[in-house]
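Below is one structure; the comments refer to it alone.
The values are calculated or read from the model by the stated rules, or taken from the named source; none is laboratory data. Fair warning: this is a prediction, and the values are worked out from it, not measured in the lab. Every residue, glycine among them, receives a Cβ derived from its backbone with ideal geometry; neighbour counts consider all protein chains shown.
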Amino acid sequence: MTRTPLVVLVLVDALGADKVEATGFLSAELPNRRGLETVLGFSAGAIPALLSGTWPAENGHWVMFHRDPKRSPFGVGRWLARAPRKLRDSWRVRQWVKQSCRAAVGGYFDLYEIPWSDLADLDVCERANLYAPGGLGAIGTLFDDLAGRRLSSRVWDWRSDDTDNERAFVDAVVGAAKDPGGHPDFLFWYTPSIDALMHEHGTTAAAADDRLARLGDAIRRALAGARAHGREVWLYLASDHGMADVTRHVDVMAAVATSGLRPGVDYHAFYDSTLARFWFRSPLAESAVRAALDGLPGRFLTAADEERWGIHFADRRYGEVIWLVDEGGLVVPSYMGRHPVKAMHGYDPATSASRATFLSNRPLPAGLSHIVDVRGFLAGELDLRAAAAAPAVASLPARVAAGARP
């Protein structure tokens, strides 16, 4: 009887193609390798694009927060904006609000240091579990493809400790090889640890390199264990984007303040780590903001940029006008925090450091060049996996006709 291959996908947050090429990461085990262009922004937009094969403007997920006062789950922010400073600035209060809103949101989010008055008008794009069927509704994702083929899966993601996930992942690969009938057809592990370490220490820091080496060792152990039990593993390792070291800090908020415009009256803004997004309420506000940011290391996106990168939203929920810092720049202070980090992503997707990666022990087609191509490729691989079991099934009538017991 033919044993169908075990299909495994490891999604490594922020592991860029540059890092893979510089280190030769898993070059022997996963020899088929490709740098992939990503979408502008962060994981909140890149992961849905990768899993669904659609652009942000198609699936609705771009950056974590967008303006939607009517649907905002953070209405308590209006009260906290008027509360005493001790409450407004309390880390414990912010964590309490985050935990209180978690069930209403459903997906991943953080409150960072978003001002309470702004938070009350914001909604989160990720309102469901992306790593389960139905996470993007009718658009579907890889997990809907699995369900449609009646394939069972096991998932490890940000909801549980990454070190525990690593251990469970290796055990599951070996277990599925040892006893295929009692284990899932598909294993998925999302690991955010390298992203966090690079943010904190930089792209070439020892802490990040050590974590990458540990990840490589875990995958080698999993593959070796499966091999020892005679099970073929089709392994794919993908990332959502790359990472660049921060070389300068850009105070966009201070520059906007020089315009004399009144926040909340003349305009609304959201300051991401690499983006400043604006909504205008008075006729001259846009020209004043553009003038205030003139000379900073960055540029305002054009309509052509938004169309090309799949981030043009007709309702402008993510911003009427969007400013992007040059690679290596960090908007600080921002709503993401007052203190700088050592490395960041969310730059022009054309830059080398922004490239995502895709590695496999399976052949890769020439058309796999962008993260939105991943779902289609993997769907085809699932069909090939099903075909791999077909000879055993097809031979059954012939064996029965020859007198063999079915």
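So here's what we get for this one:
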read-out	value
Check on THR54, under 22 Å from ASP13 (Cα atoms), in contact with an Asp or Glu (Cβ under 9 Å, 6 or more places away or on another chain) and not aliphatic (A, V, I, L, M)	no
Single unsatisfied condition, GLY134 versus (1) part of a helix (DSSP H, G or I); (2) surrounded by fewer than 18 Cβ atoms within 10 Å (Cβ to Cβ)	(1)
Subset of segment 64-109 that is of a type in the set (Phe, Trp, Tyr) and under 23 Å from GLY137 (Cβ atoms) - its residue that is surrounded by the fewest Cβ atoms within 10 Å (Cβ to Cβ)	TYR108
LEU50 being in the same structural domain as ILE219 (by TED's automatic domain parsing), in a helix (DSSP H, G or I) and in contact (Cβ under 8 Å) with a residue 24 or more places away in the chain	yes
Within segment 287-324, considering residues that are within 21 Å of the chain's Cα centre (by Cα) and assigned to a strand (DSSP E or B), the one nearest to LEU275 (Cα to Cα)	LEU324
Elements of type strands (runs of 3 or more DSSP E) in segment 167-257, at least 1 residues being within 28 Å of SER369 (Cβ to Cβ) and in contact with a strand residue (DSSP E or B) (Cβ under 8 Å, 6 or more places away or on another chain)	186-191, 233-238
Given (1) exposed (fewer than 14 other Cβ atoms within 10 Å of the Cβ); (2) among the hydroxyl-bearing types (Ser, Thr, Tyr); (3) assigned to a loop (DSSP other than H, G, I, E, B), number of the condition SER273 does not satisfy	(1)
Hey, TYR347 aromatic (Phe, Trp, Tyr) and touching a helix residue (DSSP H, G or I) at 6+ places or on another chain (Cβ under 6 Å) or not	yes
Single unsatisfied condition, GLY310 versus (1) modelled with pLDDT under 95; (2) crowded, with 16+ Cβ neighbours inside 10 Å	(1)
Hey, TRP156 over 22 Å from the mean Cα position of the chain (by Cα) and either surrounded by 17 or more Cβ atoms within 10 Å (Cβ to Cβ) or not assigned by TED's automatic domain parsing to the domain that holds ARG385 (or both) or not	no
Where a residue in segment 130-144 is closer than 12 Å to PRO48 by Cα and its partner, wherever it lies, is surrounded by fewer than 21 Cβ atoms within 10 Å (Cβ to Cβ) and of a type in the set (Ser, Thr, Tyr), with Cβ under 6 Å and at least six apart	ILE139/THR54
Selection within segment 122-153 - over 15 Å from the mean Cα position of the chain (by Cα) and among the acidic types (Asp, Glu)	ASP123, ASP144, ASP145
Selected residue [surrounded by fewer than 22 Cβ atoms within 10 Å (Cβ to Cβ) and over 28 Å from PHE280 (Cα atoms)] from THR357, THR351	THR351
Test: residue in segment 271-289 that is among the acidic types (Asp, Glu) and either over 24 Å from ALA120 (Cα atoms) or touching a Ser or Thr at 6+ places or on another chain (Cβ under 9 Å) (or both)	yes
Residue identified as touching a helix residue (DSSP H, G or I) at 6+ places or on another chain (Cβ under 8 Å) and under 30 Å from ALA120 (Cβ atoms) among GLY242, GLY260, GLY202	GLY260
Residue within segment 56-77 that is among the polar types (S, T, N, Q), in contact with a Leu (Cβ under 7 Å, 6 or more places away or on another chain), within 28 Å of ASP144 (Cα to Cα) and assigned to a helix (DSSP H, G or I) present	yes
The listed residue being at negative phi, touching a His at 6+ places or on another chain (Cβ under 8 Å) and part of a helix (DSSP H, G or I), out of ASP123, ASP118	ASP118
Residue that is farthest from the chain's Cα centre (by Cα), among those in segment 366-390 that are under 20 Å from VAL233 (Cβ atoms) and outside any helix (DSSP H, G or I)	ALA389
Any chance PRO48 is crowded, with 24+ Cβ neighbours inside 10 Å and modelled with pLDDT of 95 or more	yes
Cross-chain or 6+ apart pairs with Cβ under 6 Å, segment 28-42 first and over 20 Å from PRO56 (Cβ atoms), then buried (at least 17 other Cβ atoms within 10 Å of the Cβ) and of a type in the set (Lys, Arg)	GLY35/ARG355
Given (1) touching a residue at least 60 places away in the same chain (Cβ under 8 Å); (2) within 30 Å of ARG3 (Cα to Cα), index of the condition ALA228 fails	(1)
